[in-house]
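What follows is calculated from the coordinates using simple rules that are stated; it is not laboratory data. Here the structure is a predicted model, which is why all the values come from computation and not from measurement. When we count neighbours, we look across all protein chains shown, and the Cβ atoms used for this are built from the backbone with ideal geometry, even at glycine.
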Amino acid sequence: MTRVYLDHNATTPPRPEALEAALPFLAERSGNPSSASLEGSGAREAVEEGRERLAALLHARPDEIVFTSGGTESDNLAIRGVLESPAPRGAHLIITGVEHPAVREAALHAERLGVRLTVLRVTSEGLIDPAQVEEAIAPDTVLVSAMFANNETGVFFPVETIGALCRERGVLFHTDAVQALAKVPIDVSALPIDLLSLSGHKMGAFQGTGALWVRRGVAIARQMDGGGQERRRRAGTENVGGIVALGAAARVAEEEMEKRPPEIAALRDRLWRGIREAIPDARLNGHPLRRLPNTLSVAFPGAAGESVLVALDLEGIAVSAGSACASGSVEPSPVLRAMGLDDAVARSTIRLSLGWNSTGADVDRALETIPRVVARVREGAAAVSAA
Ligand code: PLP
């Protein structure tokens, strides 16, 4: 049975271009970029080319890119790195109530060490009112961190407005763009953002790769001590193959940016229309328009999300219930809770996320299967409660 993969927000398969570009650097062209040998200088060139390609996708300068081991490290480096930077600053941090655990936990860690933390509320559609940010900024505020787009609902935050408020008040602004980069255009040269996190495996490169973009002039304290790599901002031998793959994935994303995201949005919209026709009480979580082109967070009242996930998986369709990063836990998703959805809705939610290799045939299969599976799960739940 061919699988239908609708879990791209958890991880998206590597682009063939990324695999092909990386392979030589994992084999016969392997070398340490810090070595003076021919192999070393070849690896150094490859890393710098990857940096240039990634910078081009972001409209950034190559020297502003710090390669990391992924989105989690980038978020930690941004938050801890700014708070611990040697410049004399205050000690107030602002985040939102729907950040990924990588931001949330880094912020809570900082709070335990004495930083004052404000967590902003979101609306029932997962949006944020910039006036709240304005109110929350105080004379001792160092950093605001608000994600570009949410991993569970796909909802966009108004990063341009939030960043502009931060600029006015002399506060640094970090955004976790892990889910947004390569799905929507992001031009850091035109946006009031100071730091931006990205992850390789959400954009067609490899797991365990990523980067933090740090606007020139913004100081961060490095979190990994060791060698002088990444302009002394992140020690450790570079993941040469992973960086080459990131660069190749960035190039393909840039080439396809005008054409592919609208195609994916059309597939996603057809999927949602089909689901709603077959299951009229299905409900879309999050703002219906201000969201990523690829994501659907859907609640099927009376059908546990975990049960729908397992039943779909057995039928060859991969989806997530709530957030993949929290899977294994039966707690309702903190994101949906923060939006004020009641636990029953949160528990009956699945996330469908399309990606670069999704097809119309995938949508057809999903539409044939989901209504049947949801009906079966609902019948099972009704039978249990009647017993
Ligand atoms: N930030 C967001 C919004 C994410 O969705 C994820 C992964 O799901 C991460 C950060 C963590 O990225 P990584 O898996 O590369 O550590």
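Distance between the C-alpha centres of the stretch 370-384 and the stretch 183-244: 45 Å, rounded to the whole angstrom.
Phi-derived couplings, Karplus 6.51 cos²θ - 1.76 cosθ + 1.60 at θ = phi - 60°, listed residue by residue for the stretch 103-118: 7, 4, 5, 5, 5, 5, 4, 4, 4, 4, 8, x, 6, 7, 10, 10 Hz, with x used for Gly and Pro. Ellipsoid semi-axes for the stretch 265-387, based on the Cα gyration tensor and the rule √(5λ), read 21, 18, 14 Å when sorted largest first. A convex hull fitted to the Cα coordinates of the chain yields 139 cubic angstrom per residue. Note on the chain: GNM, Cα springs under 10 Å; of Gly217, Gly228, Gly204, the largest mean-square fluctuation is that of Gly217. For Arg291, the residues whose amide H sits under 5 Å from its own are Phe156, ignoring neighbours fewer than 5 places away on the same chain, with H placed 1.01 Å from N. Residues whose amide H comes within less than 5 Å of that of Leu120, counting only those at least five positions distant or on another chain, are Ile95, Thr96, Gly97 (H built at 1.01 Å from N in the peptide plane).
Take every Cα pair under 8 Å whose residues are at least 6 apart in sequence, average their separation, divide by the length of the stretch 215-359, and the relative contact order is 20 percent. What the phi angles of the stretch 285-292 give under the Karplus curve with 6.51, -1.76 and 1.60, with θ = phi - 60°, is a coupling list of 8, x, 4, x, 10, 7, 7, 4 Hz, glycine and proline written as x.
Every Cα-Cα pair of the stretch 104-148 was included, and the share exceeding 16 Å stands at 44 percent. Taking the DSSP bridge list for the stretch 156-269 and keeping only pairs wholly inside it, about 55 percent are antiparallel. Compare Lys183, Lys202, Lys259 in a GNM of the chain, Cα atoms joined below 10 Å, and give the one with the largest fluctuation. Highest fluctuation of the listed residues: Lys259. In the chain, the DSSP beta bridges split such that about 50 percent are antiparallel, to the nearest 5. Its convex hull of Cα atoms gives the stretch 176-235 a direction-averaged projected area, equal to a quarter of the hull surface, of 4.8 nm². Extension gain for the segment Arg270 to Glu28, taken as residue separation times 0.36 nm less the Cα-Cα distance, is 82.6 nm to one decimal. Each peptide in 24-36, 52-64 gets a packing score, the mean of other Cβ atoms within 10 Å over its residues, and the list from highest to lowest is 52-64, 24-36. The convex hull of the Cα atoms of the stretch 182-341, projected and averaged over all directions, covers 12.8 nm².
Take the Cβ atoms of Arg283 and Arg116, set R0 to 45 Å, and the FRET efficiency comes out at 0.75. Taken one residue at a time, the phi angles of the stretch 150-157 give Karplus couplings (6.51, -1.76, 1.60, θ = phi - 60°) of 7, 6, 8, 9, x, 5, 7, 8 Hz. Gly and Pro are set to x. Computed over the chain, relative contact order equals 23 percent, with contacts defined as Cα pairs under 8 Å that lie 6+ residues apart. Each of Thr11 and Ser37 was given a label point 7 Å from its Cα along the Cα-to-Cβ line. The distance between the two points is 3.1 nm.
For the stretch 143-185, the equivalent ellipsoid built from the Cα gyration tensor has semi-axes of 21, 9, 9 Å, listed from largest to smallest. Expressed per residue, the C-alpha convex hull volume of the stretch 158-274 stands at 129 Å³. Computed across the stretch 29-185, the Kirkwood hydrodynamic radius from all distinct Cα-Cα pairs reaches 17.1 Å.
Separation of the stretch 64-98 from the stretch 344-363 is 31 Å, based on Cα centroids. Residues whose amide H lies under 5 Å from that of Asp7, counting only those 5 or more places away or on a different chain, are Ser353; hydrogens are built 1.01 Å from N in the peptide plane.
Between rounded, prolate and oblate, where does the stretch 41-114 land on the alpha carbon gyration tensor, with a ≥ b ≥ c its root eigenvalues, rounded for a/c under 1.5, else prolate if a/b exceeds b/c? Note, shape of the stretch 41-114 comes out prolate.
With contributions of -39500 (n - 2.57) from each DSSP H run of at least four residues, the per-residue ellipticity at 222 nm computed over the chain stands at -13000 deg cm²/dmol. The Rg/Rh ratio for the stretch 249-289, using Cα coordinates for both the radius of gyration and the Kirkwood hydrodynamic radius, is 1.16.
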